[in-house]
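A short worksheet on the structure shown next.
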Amino acid sequence: MYFKTRDEEAAFLKNLWLGIPTACPECGFHNLEHLHKKAKKSNTEWKCPGCGKIFRTINMLKDLPEK
């Protein structure tokens, strides 16, 4: 997890999937971009243009802890 709580991580994922500009939780400086820019229909993988960290949201969703 990149956040302290399950709710924070879920909100992060929702923002990405809704297309809301979202800062990288790793470096905090850049908004995440689609990893595969040509396949804009797929919004499950994101990359920080600053630090290069890749976020695979489907894996993050699977790893969310139970409440």
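The values are calculated or read from the model by the stated rules, or taken from the named source; none is laboratory data. Keep in mind the model is a prediction, meaning the values are calculated, not measured. For neighbour counting, all protein chains shown are included, and Cβ atoms are generated from backbone atoms with ideal geometry for every residue, glycine included.
General remarks:
- Residues (assigned to a helix (DSSP H, G or I) and either farther than 20 Å from Ile20 by Cβ or touching a residue at least 24 places away in the same chain (Cβ under 8 Å) (or both)) located in segment 43-58: Thr57
- Those residues of segment 44-67 which are surrounded by 15 or more Cβ atoms within 10 Å (Cβ to Cβ) and within 16 Å of Ala11 (Cβ to Cβ), in sequence order: Trp46, Phe55, Thr57, Met60
- In segment 10-21, the condition of being surrounded by fewer than 13 Cβ atoms within 10 Å (Cβ to Cβ) and modelled with pLDDT under 85 is met by no residue.
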